[in-house]
Structure formats: structure tokens, C-alpha cells
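S.K.: Take this structure, written in C-alpha cells, and hold onto it; I'll ask about it next.
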Amino acid sequence: MIRHVLILLFALFTSALMDSGNAGGVIRPSSSPGFATPATGTCLSGFPTTVTDDDGRRVRMTHAAMRIISLSPNVTELIFAAGAGKKLVGVSRHSNYPDAAKSIPDIGDSFSLDLERIVALQPDLLLAWRSGNARADIEKLERLGLTVFATEAVTLADVSRLLRIIGTLAGTSGPAERAAKAYEEELQGIQSSYSNRPRVSVFQLIWHQPLMTINNQHLISDVIQICGGTNVFARESSLTPVVSGENLLEADPDAIISSVSLEQDESAPAEVKAFLRQFSPLSAVRNNNVFFVHPDLIQRQTTRVLRGAHLVCEQLECVRSRRKIVRLPDS
């Protein structure tokens, strides 16, 4: 009996000794910086680390994140692209890409986060979207003792930067670096092909009731720029300003690129037909330069934005090809 008690006390003492100084629940060896624990396979090299997020907050990680929650569909896509999809234990509603995201527990959306479910999932990292998640919600999560890292891609180059950061936080730097390099190579190809083309003025429509567009701090504006376009409302102070019909008529863009379907056919909704009738004096409408790009390909800050960029560039090429050649009179 005494022997059994001694064994139990020794086990408890050993467990307490291992837990002391064990930040993040990871046992740290005294040497071998590349050591990986058999239980998690997480490489300890580079941890603990402190990274500044896109809200200017310093976020300290004692170990590679093993249980991640995404607070936005675009962040979910980036996590998968960075090779950390298997570490996701919860995702924001409408996280529909890739298909594997659809089977991960839903923790609500940016308007109604399920805080109880988030806590129950025991995440060691939550990745947020700075302009999409309310600051008050992030502060609530932090008061609950959770680690939150805010992301924001203002330019196309930011997407590869975020892939690398997520790779660092999740311990998947290898896959993340490969994804970032592939993205950068494709982006460079688009820039080389289109950025020096003749300029086309563009109105980006993200909603039509009321008229909503984007300024030059939005990722879409960078898409327009690399395709040789000029965002006619780039200087607005709001990220997604509401503009009047008079403002739009005055700007008279060469092209309208819409995230709302504006096809002119019999099945088009009545409000779409009304929109086109209302703005029939616009050069874009008169010359049939009204185009559609699915919002998932142009509004989400993910690697898929390059698919949207290819479409925008091709659409602006159509505008250039339709321009009339003005001939000077013979001297």
C-alpha cells in the first residue's frame, strides 16, 4: 500500500514539475531548438514570438497555434491556403470555400458571434478581419482571455504577407511560403501585362440600393489599378462610401464593374433594369461596358482575388477595344 502511495506522489510531483514554466501547454526541451513533440508534431523553433497585427496590437504566441477559429470567410480561405486548415475548430458563417470549410463548426458571423461556443471550442488563436469584425467583439474575446490576431489586406501584396504571417502563427511556414510565392508570381504576371495599358475610368459597384462603392484603401481599388484602371471615387474618405446618382453621373466612368448582377436580359430583376434606365446617359451604359465579377472573387481578401483580377483586366481590355479611333483631318 505504501509503495502504491509513493508511486502516485512521484507521478504527481513529476507532472507538476513538467507543467511549471510550460507556457501554452508545450513541454520545452533545454536544447534542440527544432524539437517536435510526438503528441502534436508542432515545431518549437521560433517560439515564443510576438507579432504585430493589422490593428497595431502586439500579439504574443508561446507556441504554434493548434486550435484556430476564423472570424471571417476570407480569413478561413487564407488559413486553408497557408496549410493550416486542419487546425480550424470553428469558422465564421458563410465560410464556404474550400469545401472542407463547410463541415467545420459555425461560430456565428460578424453581426452575432456565439461567444459561448467560441469559448467551448478552446481555441488558442482567433484570426479576425479588422474592417469586418467589430472592435467591441474583439475586445470581448480578449477579456475572456483569448488570443486574437486581426488581419487586413489593403493591397494585393498584402495577401501574400498574410499567408506568411498565418504560416508563422500556425507553424505551417513551409506550405504558406509556397502559396505566397505562387501568388506573387501570378500577381507579377498580371501587373506586367496590364498595368501600363491606356487608362480606363471605373466605377466599382458593390451595392445598388443605395449606391455603394470603394475608395483607394480597399483591395478592389488595387485590382482596378493593376489592370490599368482608375477608380473614380478613390479619394472618398470612407472605405465603402455611399454616393448619389448625381455624383455618378458627374464622374461618367468608362466602365462599371459590379458585384451585383446587372445583365440586361429578360430574367434580370426589376431593380437592376431600373438602375440601368436611371443611368442610361453614362458612357459605360451607352457603350455596353457594364460588367459583373462574383463578389467572392473580388471582395474577399484571399488568393482567389487574382481570379477576379484576371476578369477585371479582360473587361477593361474590352473597353479599350471598343473605343473609337479619332482621326485627325488631313493637313
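The values are calculated or read from the model by the stated rules, or taken from the named source; none is laboratory data. Note that this is a predicted model, so its numbers are computed, not measured. Reconstructed Cβ throughout: ideal geometry from the backbone, glycine too, with neighbour counts over all protein chains shown. Heads up: the accessible areas ignore ligands, DNA and RNA and are worked out on the full protein's heavy atoms, side chains in. Shrake-Rupley method; radii C 1.70, N 1.55, O 1.52, S 1.80 Å.
S.K.: Could you please give the count of residues in region 48-70 that are of a type in the set (Ser, Thr, Tyr), within 20 Å of the chain's Cα centre (by Cα) and surrounded by fewer than 19 Cβ atoms within 10 Å (Cβ to Cβ)?
M.R.: Total meeting the criteria: 1.
S.K.: Another question about this same structure. Taking region 255-267 as the search range and keeping residues that are open to solvent by less than 60 Å² (accessible area, probe 1.4 Å) and among the hydroxyl-bearing types (Ser, Thr, Tyr), which one is modelled with the lowest pLDDT?
M.R.: Looking at residues that are open to solvent by less than 60 Å² (accessible area, probe 1.4 Å) and among the hydroxyl-bearing types (Ser, Thr, Tyr), I get SER261.
S.K.: Within region 106-137, work out how many residues are without any contact (Cβ under 8 Å) to a residue 24 or more places away in the chain and open to solvent by less than 50 Å² (accessible area, probe 1.4 Å).
M.R.: Residues meeting the conditions: 2.
S.K.: Next question, about the same structure. If I ask for residues that are part of a loop (DSSP other than H, G, I, E, B) and within 16 Å of VAL305 (Cβ to Cβ), which ones from region 219-238 would you list?
M.R.: CYS227
S.K.: Let me ask another. Run ASP252 past the list (1) open to solvent by 40 Å² or more (accessible area, probe 1.4 Å); (2) within 25 Å of the chain's Cα centre (by Cα) and report the number of the one that doesn't hold.
M.R.: Result: ASP252 passes all but (2).
S.K.: Residue by residue through region 181-193, note down the ones that are touching a residue at least 60 places away in the same chain (Cβ under 8 Å) and of a type in the set (A, V, I, L, M, F, W, C).
M.R.: Scanning region 181-193 gives LEU187, ILE190.
S.K.: Of the residues ASN216, ASN196, only one is assigned to a loop (DSSP other than H, G, I, E, B), out of contact with any helix residue (DSSP H, G or I) (no Cβ under 7 Å at 6 or more places or on another chain) and in contact (Cβ under 8 Å) with a residue 24 or more places away in the chain; which? Show your work before the answer.
M.R.: On the way: ASN216 fails: in contact (Cβ under 8 Å) with a residue 24 or more places away in the chain.
Every option except ASN196 fails the conditions.
S.K.: Related question: Going through region 268-292 one residue at a time, which ones are modelled with pLDDT of 90 or more and not in a helix (DSSP H, G or I)?
M.R.: Within region 268-292, PHE279, SER280, PRO281, LEU282, ASN287, ASN288, ASN289, VAL290, PHE291, PHE292 meet the criteria.
S.K.: Return yes or no: is VAL91 closer than 12 Å to LEU121 by Cβ, buried (at least 24 other Cβ atoms within 10 Å of the Cβ) and modelled with pLDDT of 95 or more? Before you say what the answer is, go through the steps one by one.
M.R.: On the way: closer than 12 Å to LEU121 by Cβ: yes; buried (at least 24 other Cβ atoms within 10 Å of the Cβ): yes; modelled with pLDDT of 95 or more: yes.
So VAL91 passes the test.
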